[in-house]
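Q: For reference, the structure I am asking about is given below.
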Amino acid sequence: MEAVRGLTFSVAPGELFGVVGPDGAGKTTLLRMLSGVLRPTAGDATIAGISVRRDPEGVKRGMAYMSQRFGLYTDLTVLENIHFYADLYRVPRSERPARLELLWAFSGLGPFQGRLAGALSGGMKQKLSLCCALIHRPPLLLLDEPTFGVDPISRRDLWLIIHDMVASGTTVIASTAYLDEAERCDRVLLLHEGQVLGLDTPAVVQGGAASLEDAFIARVTELAAHA
(Lines give C-alpha, C1' and ligand atoms only; values in the text may rest on other atoms or scores of the structure.)
Protein backbone atom coordinates (compact mmCIF):
# COMPACT_ATOMS: atom_id res chain seq x y z
CA MET A 1 0.00 0.00 0.00
CA GLU A 2 1.30 3.45 -0.93
CA ALA A 3 1.55 5.95 1.93
CA VAL A 4 1.56 8.94 -0.43
CA ARG A 5 1.25 9.18 -4.20
CA GLY A 6 1.14 11.77 -6.93
CA LEU A 7 2.34 14.66 -4.76
CA THR A 8 3.62 17.76 -6.53
CA PHE A 9 4.22 21.03 -4.71
CA SER A 10 6.83 23.69 -4.07
CA VAL A 11 7.67 25.74 -1.01
CA ALA A 12 9.04 29.27 -1.23
CA PRO A 13 11.96 30.48 0.92
CA GLY A 14 10.69 31.99 4.17
CA GLU A 15 7.28 30.34 3.86
CA LEU A 16 5.31 28.61 6.62
CA PHE A 17 3.89 25.62 4.77
CA GLY A 18 1.40 23.32 6.47
CA VAL A 19 0.83 19.64 5.71
CA VAL A 20 -2.60 18.91 7.13
CA GLY A 21 -4.51 15.68 7.60
CA PRO A 22 -5.68 13.05 10.08
CA ASP A 23 -3.63 10.12 11.37
CA GLY A 24 -2.68 7.85 8.48
CA ALA A 25 -2.88 10.62 5.88
CA GLY A 26 0.82 10.28 4.99
CA LYS A 27 2.17 13.37 6.75
CA THR A 28 5.02 11.65 8.59
CA THR A 29 6.02 9.62 5.53
CA LEU A 30 6.19 12.80 3.44
CA LEU A 31 8.39 14.63 5.96
CA ARG A 32 10.65 11.62 6.42
CA MET A 33 11.21 11.47 2.65
CA LEU A 34 11.91 15.20 2.47
CA SER A 35 14.41 14.91 5.33
CA GLY A 36 16.35 12.12 3.63
CA VAL A 37 15.43 9.61 6.33
CA LEU A 38 13.14 7.54 4.09
CA ARG A 39 13.96 6.83 0.45
CA PRO A 40 10.99 7.36 -1.92
CA THR A 41 10.02 4.30 -3.95
CA ALA A 42 9.26 6.55 -6.92
CA GLY A 43 9.69 10.19 -7.84
CA ASP A 44 12.07 12.68 -6.28
CA ALA A 45 12.25 15.97 -4.42
CA THR A 46 14.91 18.65 -4.52
CA ILE A 47 15.78 20.88 -1.61
CA ALA A 48 18.06 23.82 -2.34
CA GLY A 49 18.99 22.03 -5.58
CA ILE A 50 19.90 18.75 -3.84
CA SER A 51 18.08 15.54 -4.76
CA VAL A 52 16.47 13.64 -1.89
CA ARG A 53 16.78 10.40 -3.83
CA ARG A 54 20.39 10.77 -5.03
CA ASP A 55 21.95 12.60 -2.08
CA PRO A 56 19.93 12.16 1.14
CA GLU A 57 22.95 12.97 3.31
CA GLY A 58 23.51 16.21 1.42
CA VAL A 59 19.91 17.20 2.02
CA LYS A 60 20.26 16.67 5.76
CA ARG A 61 23.08 19.19 6.08
CA GLY A 62 20.84 22.14 5.17
CA MET A 63 17.88 21.40 7.39
CA ALA A 64 16.64 20.25 10.77
CA TYR A 65 13.96 17.59 11.22
CA MET A 66 11.93 17.40 14.40
CA SER A 67 10.02 14.12 14.65
CA GLN A 68 6.69 13.73 16.37
CA ARG A 69 8.06 11.58 19.15
CA PHE A 70 10.54 13.00 21.66
CA GLY A 71 13.91 11.68 20.55
CA LEU A 72 16.42 13.44 22.78
CA TYR A 73 18.46 11.93 25.60
CA THR A 74 16.37 11.80 28.76
CA ASP A 75 19.39 11.21 30.99
CA LEU A 76 21.09 14.41 29.79
CA THR A 77 20.16 17.88 30.96
CA VAL A 78 18.52 20.50 28.75
CA LEU A 79 21.87 22.23 28.19
CA GLU A 80 23.75 18.96 27.60
CA ASN A 81 21.26 17.93 24.91
CA ILE A 82 21.67 21.25 23.11
CA HIS A 83 25.46 21.06 23.30
CA PHE A 84 25.33 17.50 21.97
CA TYR A 85 23.45 18.67 18.87
CA ALA A 86 25.74 21.66 18.55
CA ASP A 87 28.66 19.21 18.46
CA LEU A 88 26.90 17.09 15.81
CA TYR A 89 26.42 20.13 13.59
CA ARG A 90 29.91 21.48 14.38
CA VAL A 91 28.70 24.80 15.78
CA PRO A 92 31.83 26.72 16.85
CA ARG A 93 32.20 27.03 20.63
CA SER A 94 32.70 30.76 20.29
CA GLU A 95 29.24 31.17 18.72
CA ARG A 96 27.29 29.06 21.18
CA PRO A 97 26.76 31.58 24.04
CA ALA A 98 25.01 34.06 21.74
CA ARG A 99 22.91 31.34 20.12
CA LEU A 100 21.95 29.92 23.51
CA GLU A 101 20.81 33.35 24.70
CA LEU A 102 18.45 33.56 21.72
CA LEU A 103 17.17 30.04 22.34
CA TRP A 104 16.54 30.77 26.02
CA ALA A 105 14.77 34.01 25.11
CA PHE A 106 12.12 32.46 22.89
CA SER A 107 11.78 29.06 24.57
CA GLY A 108 11.82 30.10 28.22
CA LEU A 109 14.04 27.11 29.02
CA GLY A 110 16.90 29.13 30.52
CA PRO A 111 15.90 28.50 34.16
CA PHE A 112 15.61 24.76 33.41
CA GLN A 113 18.89 24.24 31.57
CA GLY A 114 20.22 22.02 34.39
CA ARG A 115 17.11 19.81 34.51
CA LEU A 116 17.16 16.32 33.03
CA ALA A 117 15.24 16.18 29.74
CA GLY A 118 13.27 13.19 31.00
CA ALA A 119 11.87 15.30 33.84
CA LEU A 120 10.38 17.97 31.56
CA SER A 121 6.69 18.37 30.76
CA GLY A 122 5.42 17.51 27.28
CA GLY A 123 5.41 21.11 26.15
CA MET A 124 8.90 21.76 27.50
CA LYS A 125 10.20 18.63 25.76
CA GLN A 126 8.89 19.97 22.45
CA LYS A 127 10.54 23.32 23.10
CA LEU A 128 13.81 21.55 23.85
CA SER A 129 13.50 19.58 20.61
CA LEU A 130 13.06 22.86 18.75
CA CYS A 131 16.12 24.36 20.46
CA CYS A 132 18.23 21.37 19.46
CA ALA A 133 16.94 21.62 15.89
CA LEU A 134 17.70 25.33 15.70
CA ILE A 135 21.14 25.47 17.33
CA HIS A 136 22.89 25.34 13.93
CA ARG A 137 20.47 27.87 12.36
CA PRO A 138 19.14 25.70 9.53
CA PRO A 139 17.51 27.49 6.58
CA LEU A 140 14.81 24.77 6.48
CA LEU A 141 12.93 23.33 9.42
CA LEU A 142 10.72 20.23 9.11
CA LEU A 143 8.31 19.77 12.01
CA ASP A 144 6.22 16.62 12.35
CA GLU A 145 3.17 17.56 14.44
CA PRO A 146 5.20 19.76 16.84
CA THR A 147 2.22 20.36 19.17
CA PHE A 148 1.04 16.75 19.39
CA GLY A 149 0.09 15.82 22.96
CA VAL A 150 0.90 19.20 24.56
CA ASP A 151 -1.41 21.50 26.50
CA PRO A 152 -3.15 24.51 24.86
CA ILE A 153 -0.79 27.08 26.38
CA SER A 154 2.28 25.18 25.16
CA ARG A 155 0.64 24.86 21.72
CA ARG A 156 0.30 28.61 21.57
CA ASP A 157 3.89 29.16 22.74
CA LEU A 158 5.27 26.71 20.19
CA TRP A 159 3.45 28.43 17.34
CA LEU A 160 4.78 31.80 18.50
CA ILE A 161 8.30 30.34 18.32
CA ILE A 162 7.61 28.95 14.84
CA HIS A 163 6.32 32.32 13.61
CA ASP A 164 9.43 34.01 15.04
CA MET A 165 11.59 31.58 13.09
CA VAL A 166 9.71 32.32 9.87
CA ALA A 167 9.97 36.06 10.51
CA SER A 168 13.76 35.65 10.80
CA GLY A 169 13.89 33.98 7.37
CA THR A 170 13.64 30.28 8.19
CA THR A 171 11.50 28.17 5.87
CA VAL A 172 9.19 25.89 7.85
CA ILE A 173 7.23 22.85 6.71
CA ALA A 174 5.01 21.70 9.57
CA SER A 175 2.51 18.86 9.69
CA THR A 176 -0.55 18.96 11.91
CA ALA A 177 -3.83 17.18 12.44
CA TYR A 178 -5.34 20.32 13.97
CA LEU A 179 -7.29 22.32 11.41
CA ASP A 180 -7.21 25.46 13.57
CA GLU A 181 -3.40 25.34 13.49
CA ALA A 182 -3.45 25.05 9.70
CA GLU A 183 -5.01 28.51 9.53
CA ARG A 184 -1.72 29.92 10.86
CA CYS A 185 0.17 28.78 7.75
CA ASP A 186 0.86 30.78 4.58
CA ARG A 187 -0.30 27.81 2.49
CA VAL A 188 -1.61 24.36 3.30
CA LEU A 189 -1.50 20.96 1.64
CA LEU A 190 -4.53 18.87 2.61
CA LEU A 191 -3.75 15.15 2.69
CA HIS A 192 -6.14 12.23 2.98
CA GLU A 193 -4.93 8.63 2.63
CA GLY A 194 -1.90 9.83 0.69
CA GLN A 195 -3.85 11.95 -1.78
CA VAL A 196 -3.95 15.73 -2.15
CA LEU A 197 -7.37 17.25 -1.44
CA GLY A 198 -6.28 20.87 -1.66
CA LEU A 199 -3.23 23.10 -1.98
CA ASP A 200 -3.45 26.87 -1.50
CA THR A 201 -3.80 29.52 1.18
CA PRO A 202 -6.12 28.52 4.05
CA ALA A 203 -8.69 31.09 2.89
CA VAL A 204 -8.78 29.76 -0.68
CA VAL A 205 -8.91 26.12 0.45
CA GLN A 206 -11.74 26.95 2.84
CA GLY A 207 -13.71 28.55 0.02
CA GLY A 208 -17.34 29.07 0.96
CA ALA A 209 -17.25 26.62 3.86
CA ALA A 210 -17.81 27.83 7.40
CA SER A 211 -14.36 26.63 8.44
CA LEU A 212 -11.30 24.86 7.12
CA GLU A 213 -12.49 21.72 8.93
CA ASP A 214 -15.82 21.83 7.12
CA ALA A 215 -14.02 22.27 3.79
CA PHE A 216 -11.81 19.26 4.54
CA ILE A 217 -14.78 17.07 5.48
CA ALA A 218 -16.63 18.12 2.31
CA ARG A 219 -13.66 17.17 0.13
CA VAL A 220 -13.25 13.79 1.84
CA THR A 221 -16.96 13.12 1.33
CA GLU A 222 -16.72 14.08 -2.33
CA LEU A 223 -13.68 11.82 -2.79
CA ALA A 224 -15.52 8.89 -1.18
CA ALA A 225 -18.52 9.44 -3.41
CA HIS A 226 -16.37 9.08 -6.53
CA ALA A 227 -14.39 6.12 -5.25
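The values are calculated or read from the model by the stated rules, or taken from the named source; none is laboratory data. This structure is a prediction, so every number in the text was calculated from the model and none was measured. Methodologically, a virtual Cβ is constructed for each residue, glycine included, from the backbone with ideal geometry; neighbour enumeration extends over all protein chains shown.
Q: Can you name the number of the only condition in (1) within 28 Å of residue 202 (Cβ to Cβ); (2) in contact with a helix residue (DSSP H, G or I) (Cβ under 6 Å, 6 or more places away or on another chain); (3) in contact (Cβ under 8 Å) with a residue 60 or more places away in the chain that residue 132 fails?
A: (1)
Q: Find the helices (runs of 4 or more DSSP H) located wholly in the range 122-188 whose residues include 3 or more that are surrounded by 19 or more Cβ atoms within 10 Å (Cβ to Cβ), of a type in the set (A, V, I, L, M) and outside the structural domain of residue 50 (by TED's automatic domain parsing), and list them.
A: 122-134
Q: Name the residues in the range 200-225 that are at pLDDT 90 or above, in contact with a strand residue (DSSP E or B) (Cβ under 8 Å, 6 or more places away or on another chain), surrounded by fewer than 18 Cβ atoms within 10 Å (Cβ to Cβ) and not polar (S, T, N, Q), would you?
A: Matches in the range 200-225: 200 only.
Q: May I ask you to list the residues in the range 193-213 that are assigned to a loop (DSSP other than H, G, I, E, B) and β-branched (Val, Ile, Thr)?
A: Selection gives 201 alone.
Q: Does the range 76-94 include one or more residues that are within 18 Å of residue 160 (Cα to Cα) and assigned to a loop (DSSP other than H, G, I, E, B)?
A: no
Q: Does residue 176 count as touching a residue at least 12 places away in the same chain (Cβ under 8 Å), of a type in the set (Ser, Thr, Tyr) and touching a Cys at 6+ places or on another chain (Cβ under 9 Å)?
A: yes
Q: Please pick out the residue among 3, 12 that is in contact (Cβ under 8 Å) with a residue 40 or more places away in the chain, surrounded by 13 or more Cβ atoms within 10 Å (Cβ to Cβ), of a type outside the set (Val, Ile, Thr) and assigned to a loop (DSSP other than H, G, I, E, B).
A: Matching residue, one of 3, 12: 3.
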